[in-house]
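Just below is one structure, and these are the notes that go with it.
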Amino acid sequence: MGIEEIRIPDLGDAEDVEVIELCVEPGAHVEENDSLVVLESDKASMEVPAPHSGTVKEVKVAVGDKVAESQVIAVMEFPDESSTTPPESLEPVATTQARPESEAQLRASFEEPGTDKALRNTPSEETVQLPDVGDAQEINVIEVAVKPGDEVQPGDLLLVVESDKASMEIPATHAGTITEVLVNEGDEVVEGAPLIKLLVNGEQLAGGAEENSTAEAQEVSTEEPPPDLLPNRELFNQQSQLSEQDKLQPVTSRTYAGPAVRRMARELGVVLSEVKGSGNHGRITKEDVQAFVKSALAKPRNEVSTSGIPRVPEIDFSRFGSVEIVKLSRIRQRGAANLHRSWLNVPHVTQHDDVDVTELETFRKAMKPEAEHRGLKLTPLAFIIKACAFTLQQFPQVNASLDPDVQHFILKRYYHIGFAVDAPDGLLVPVIRDVNSKGIWQITQEITDLSEKARSGKLKPDDMQGGTFSVSSLGAIGGTGFTPIVNTPEVAILGVSRLDTRPVWNGTSFEPRQILPITLSYDHRAINGAEAGRFVTHLSKVLKDFRQGIM
Ligand code: CAO
């Protein structure tokens with residue numbers, strides 16, 4: 001094991017360098033190039049990576065500390081073999097001096113462009129090339145920040161390239177117009193590769209960038225403006241060429257993010273330009289990327305473009321008259337997403353029937369005094385739910401779910417029936433368990449308790465889980481029929497409308513009968529029309545004469 005002090009690298013002429021993020025704490029194991037701390041000057045940010053894999057023994061700085069070149073930021077313990085291997089990173093590595101030529105370039109990049117250069121009055125085309133990248137291997141373009149026609153200012157980000165060790169931003173060194181982008185994201189590039197063509201505006205300082213081959217840039221490195229390739233730390237200095245106004249605000253086309261954050265974003269498929277940075281000067285942190293992904297996942301499904309279905313256009317209704325914007329309750333939002341998902345996934349069919357419940361109603365009314373005695377209101381719903389349980393036992397495919405690949409039925413050997421409750425914040429569907437083994441009084445009691453809980457916001461998630469079939473009754477409200485949406489992953493739902501007295505032909509005359517309209521909406525993938533027809537006919541028979549239920 002070797003102990004090594006990690007120091008702040010050469011910062012050029014950057015001033016007011018502050019620690020803005022500690023990426024590790026004592027005891028943390030880090031891999032080579034994992035960020036240890038993030039520094040920021042008044043102009044740019046940089047990450048200081050671990051030169052080898054090892055363990056952080058001590059962190060010597062705190063967030064907010066002002067730091068200077070060579071200051072120790074951390075002490076690390078390395079396995080012997082790793083501490084002897086010099087890092088190849090293109091990023092600043094504290095214990096390793098930059099190669100002499102790189103250092104010359106780096107210094108050159110800190111210089112203000114020579115003021116004795118001739119002014120150029122006519123626009124000329126410049127090709128931005130990938131300059132000397134030292135011994136870095138496998139350099140890929142990971143971000144193209146401009147497109148033909150874009151106007152750029154000195155310091156605006158053109159491209160980001162990345163080796164296996166670090167990422168580098170390539171900024172514009174002159175104001176101008178992009179005429180051609182010669183590479184795509186993902187392209188592998190080598191030193192000298194032409195990247196971008198830029199029509200440089202006239203009346204700019206003529207410098208090395210005018211003659212932009214990499215070799216020339218190296219040769220003139222002590223006098224000329226910076227080479228196009230700027231490792232993150234060099235941004236401290238590159239930005240010194242910006243105008244005062246530019247310095248006050250981050251350049252809008254630039255995405256401030258370190259290599260680790262860029263890598264993370266790429267792995268997660270996050271477009272960094274869409275992420276709002278919470279760090280100084282809008283710098284994007286790992287937490288910002290995580291929060292972005294989290295919020296994308298949490299978005300209700302109906303916000304996401306679904307299977308290419310076009311969104312309803314957004315209209316400013318206030319153009320036509322006064323409007324009020326009222327936020328949907330969370331229950332309504334969740335309900336909307338569930339209904340939408342079911343509507344899009346389930347091929348719905350609805351089977352209708354009118355059921356003669358005259359005998360049942362006679363019996364129910366006869367039982368009302370006892371119900372009152374029990375402190376309950378005996379409505380048709382308890383009988384309907386019980387009749388459904390009887391019928392579901394005869395039709396296992398209706399008391400089922402489909403697996404997501406629609407390869408199997410999941411037949412449920414329990415009969416838990418949900419019923420829709422019109423609660424103040426939206427529709428809720430509490431579930432009565434094991435309806436097949438419960439009597440009408442107990443079912444009535446549970447309808448009362450669960451609907452009260454739903455209306456007072458006291459339902460627990462468990463009260464609404466595990467349903468195998470649902471009933472939605474609008475009978476107390478009115479209407480002659482409606483087609484409910486299947487409460488997926490269940491495969492069928494019964495809609496109940498208002499029962500009414502109707503004249504029914506008995507073969508010799510019309511007689512008044514109590515008729516209950518019912519509708520069964522079902523998932524046609526799970527239930528075919530004949531099965532649905534048989535289910536509804538059987539249910540009607542049970543409602544007509546409850547003795548059918550036990551046959
Ligand atoms: N036809 C005629 N009258 C009916 C009826 C029907 N199908 N169903 C119930 N009624 C009567 C009841 O008997 C009661 O009358 P009495 O007071 O004279 O006995 C009255 O209507 C009120 O009933 P209720 O609504 O208090 O009780 P319920 O058991 O019928 O329903 C509940 C309970 C919680 C389901 C209901 O209150 C409710 O919220 N329904 C709305 C469900 C809904 O929104 N569905 C749509 C969802 S989208 O698919």
Name the residues in segment 352-392 that are outside any helix (DSSP H, G or I), in contact with a strand residue (DSSP E or B) (Cβ under 9 Å, 6 or more places away or on another chain) and surrounded by fewer than 21 Cβ atoms within 10 Å (Cβ to Cβ), would you?
His352, Asp353, Asp354, Asp356, Thr379
Given the condition at pLDDT 85 or above, open to solvent by 70 Å² or more (accessible area, probe 1.4 Å) and farther than 25 Å from Arg266 by Cα, answer yes or no: does some residue in segment 153-162 qualify?
no
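For every residue, the table says whether it meets (1) out of contact with any Lys or Arg (no Cβ under 7 Å at 6 or more places or on another chain); (2) farther than 21 Å from Lys286 by Cα; (3) touching a residue at least 40 places away in the same chain (Cβ under 8 Å).
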{"position": "Asp10", "(1), (2), (3)": "yes, yes, yes"}
{"position": "Glu21", "(1), (2), (3)": "yes, no, yes"}
{"position": "Asn33", "(1), (2), (3)": "no, no, yes"}
{"position": "Pro49", "(1), (2), (3)": "yes, no, yes"}
{"position": "Ala68", "(1), (2), (3)": "yes, yes, yes"}
{"position": "Glu77", "(1), (2), (3)": "no, yes, yes"}
How about segment 495-514: which of its residues are within 10 Å of the ligand (Cβ to nearest atom) and either in contact (Cβ under 8 Å) with a residue 24 or more places away in the chain or β-branched (Val, Ile, Thr) (or both)?
Gly495, Val496, Arg498, Leu499, Gln514
Which count do you get for residues in segment 239-276 that are modelled with pLDDT of 50 or more and in contact with an Asp or Glu (Cβ under 6 Å, 6 or more places away or on another chain)?
2
Flag for Pro51 being assigned to a loop (DSSP other than H, G, I, E, B) and buried (at least 22 other Cβ atoms within 10 Å of the Cβ):
yes
Restricted to segment 521-544 and to residues being touching a Leu at 6+ places or on another chain (Cβ under 8 Å) and over 19 Å from Lys386 (Cα atoms), the residue surrounded by the fewest Cβ atoms within 10 Å (Cβ to Cβ) is Arg525
Restricting the search to segment 484-494, which residues are under 25 Å from Glu361 (Cα atoms) and more than 9 Å from the ligand (Cβ to nearest atom)?
Leu494
Of residues in segment 421-435 being open to solvent by less than 60 Å² (accessible area, probe 1.4 Å) and out of contact with any Cys (no Cβ under 8 Å at 6 or more places or on another chain), the one nearest to the ligand (Cβ to nearest atom):
Val421
Residue selected from segment 394-415 under the condition in contact (Cβ under 8 Å) with a residue 40 or more places away in the chain and over 14 Å from Ala492 (Cβ atoms), by the criterion least open to solvent (accessible area, probe 1.4 Å)
Val406
Name the single residue, out of those in segment 456-477 being more than 14 Å from the ligand (Cβ to nearest atom) and under 19 Å from Asn436 (Cβ atoms), that is most open to solvent (accessible area, probe 1.4 Å).
Gln465
Number of the condition not met by Gly418 [criteria: (1) without any contact (Cβ under 8 Å) to a residue 40 or more places away in the chain; (2) outside any loop (DSSP other than H, G, I, E, B); (3) within 11 Å of the ligand (Cβ to nearest atom)]
(1)
Arg547 fails exactly one of (1) exposed (fewer than 14 other Cβ atoms within 10 Å of the Cβ); (2) modelled with pLDDT of 95 or more; (3) charged (D, E, K, R), namely (2)
Report the residue count in segment 372-387 for those that are more than 9 Å from the ligand (Cβ to nearest atom) and of a type in the set (A, V, I, L, M).
3
Candidate set: segment 172-188, residues that are of a type outside the set (Asp, Glu) and more than 18 Å from Glu125 (Cβ to Cβ); chosen: the one least open to solvent (accessible area, probe 1.4 Å):
Gly186
Would you tally the residues in segment 484-520 being within 34 Å of the chain's Cα centre (by Cα) and either open to solvent by less than 10 Å² (accessible area, probe 1.4 Å) or more than 20 Å from His538 (Cβ to Cβ) (or both)?
7
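The values are calculated or read from the model by the stated rules, or taken from the named source; none is laboratory data. Small disclaimer: the values here were computed from a predicted structure and weren't measured. Every residue, glycine among them, receives a Cβ derived from its backbone with ideal geometry; neighbour counts consider all protein chains shown. SASA here: full protein model, heavy atoms, side chains in, ligands and nucleic acids out. Shrake-Rupley method; radii C 1.70, N 1.55, O 1.52, S 1.80 Å.
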